[in-house]
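The values are calculated or read from the model by the stated rules, or taken from the named source; none is laboratory data. Since the structure is predicted, the reported quantities are computational estimates derived from the model, not experimental observations. With ideal geometry, Cβ positions are generated from the backbone for all residues, glycine too; neighbour counts draw on all protein chains shown. Areas reflect the complete protein model, heavy atoms only, side chains present, ligands, DNA and RNA absent. Shrake-Rupley method; radii C 1.70, N 1.55, O 1.52, S 1.80 Å.
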Amino acid sequence: MPMNHRIRRSAAVTATSAVRRYATVLAASLMLSVALTGQGLAHSDGTGPATAVRAADSCPSVGGNWADEGPFAVTKERAGLSHTILRPTELGSQGCTRHPVIIWGNGSFVTPVIYDGLLKHLASHGFIVVAANTTQAGSGRAMLDGLDVLKKADTDPRSPYYGKVDLGKVGASGHSQGGGGAINAGADPRVDVTVPVEPGPQGRVGDLKGPTFFLGGERDLVVIPELLVIPRYNSADHVPAVYGELAGASHVTPAGDGGGFRGPITAWFRYFLMGDQEARAEFFGADCGACSSPAWSDFRRNAEAIGHQGVGGGGSA
């Protein structure tokens, strides 16, 4: 084996050990401060979510501030032992009669609490986030099982979810092994769009059914972009696909509140699942916002993405 390959392989192994140690410490600290059931979010001044202007589809607009906390207070609760749900506390409010769904898969050996801030953030924007509690999410099966959990709740008159879940608008996302799980889940016809974050090798890209936003980290030594993410983006030539490599990001950047990944993930889902046309402009059109943003060390769009004609009332790209 050439010396430079041995050095890179050694660095990747060392980084993997560091990630596992980091995840253990972070999980312990978060579990001390985050209740596993019934927790709501409010603004730091105690006034609760601010009133927002309504978007075209009647859910609140956030004025392009996708990285900021959204207009909904958030409740976190268990769905048995299998899933953790983060959702708007008052479902069906602020003009959102039904809420789109995001299914989430964790990285290897960690649980949803590692991504607590990111998942709460997505819920604050009006999504119902159902995270599989498994530490081995690569198959995508546990993630997809979350849709069955919500379907049952949506048809139960005794449930706060009754009639409030939009199972016709579903996104899949996850980190590392969970990113590979999101690719697997994205092959299911119930899933509309996918966001694999620094994804593992699981899943066949050719089976993806809808638009996909591949995310890599410039300094990720575990899922090295040029070896493990860009080739998968290149293979997704049958669907609108975008590749974003976050400048300076490592393999642990998505933990906690998602770091610099938080805003782009939110914008992607707001566009495809809520019809947010401001978010569309971030990815599509000749002058897309992300195309020239210094936040990315690399940003690419395939032919299907460049020719994307829009959803939710969007115009031509």
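Among the residues of region 106-127, how many are more than 17 Å from A79 (Cβ to Cβ) and either open to solvent by 20 Å² or more (accessible area, probe 1.4 Å) or part of a helix (DSSP H, G or I) (or both)?
Number satisfying all stated conditions: 7.
Going through G310, G260, G314, G256 one at a time, which residue ends up being touching a helix residue (DSSP H, G or I) at 6+ places or on another chain (Cβ under 7 Å), at pLDDT 95 or above and not acidic (D, E)?
Numbers: G310 fails: at pLDDT 95 or above; G260 fails: touching a helix residue (DSSP H, G or I) at 6+ places or on another chain (Cβ under 7 Å); G314 fails: at pLDDT 95 or above.
Going through G310, G260, G314, G256 in turn, the sole match is G256.
Checking the condition touching a residue at least 40 places away in the same chain (Cβ under 8 Å), touching a strand residue (DSSP E or B) at 6+ places or on another chain (Cβ under 7 Å), part of a strand (DSSP E or B) and over 15 Å from I265 (Cβ atoms), which residue from V101, V130 passes? Before you say what the answer is, go through the steps one by one.
Details: V101 fails: over 15 Å from I265 (Cβ atoms).
Within the list V101, V130, the selection yields V130.
Kindly indicate whether P160 is of a type outside the set (K, R) and either touching a helix residue (DSSP H, G or I) at 6+ places or on another chain (Cβ under 6 Å) or part of a strand (DSSP E or B) (or both).
The answer is no for P160.
For A247, are the conditions met, namely being open to solvent by 20 Å² or more (accessible area, probe 1.4 Å) and of a type in the set (A, V, I, L, M)?
Considered against the rule, which asks whether it is open to solvent by 20 Å² or more (accessible area, probe 1.4 Å) and of a type in the set (A, V, I, L, M), A247 comes out as yes.
Tally up the residues in region 276-311 that are in a loop (DSSP other than H, G, I, E, B) and open to solvent by 60 Å² or more (accessible area, probe 1.4 Å), please.
Total satisfying the criteria: 4.
Which of (1) buried (at least 24 other Cβ atoms within 10 Å of the Cβ); (2) more than 14 Å from G107 (Cβ to Cβ) does G206 not meet, given it meets every other one?
G206 satisfies all of (1) buried (at least 24 other Cβ atoms within 10 Å of the Cβ); (2) more than 14 Å from G107 (Cβ to Cβ) except (1).
Given I85, I114, I128, which one is modelled with pLDDT of 95 or more, under 13 Å from the mean Cα position of the chain (by Cα) and not aromatic (F, W, Y)?
I128
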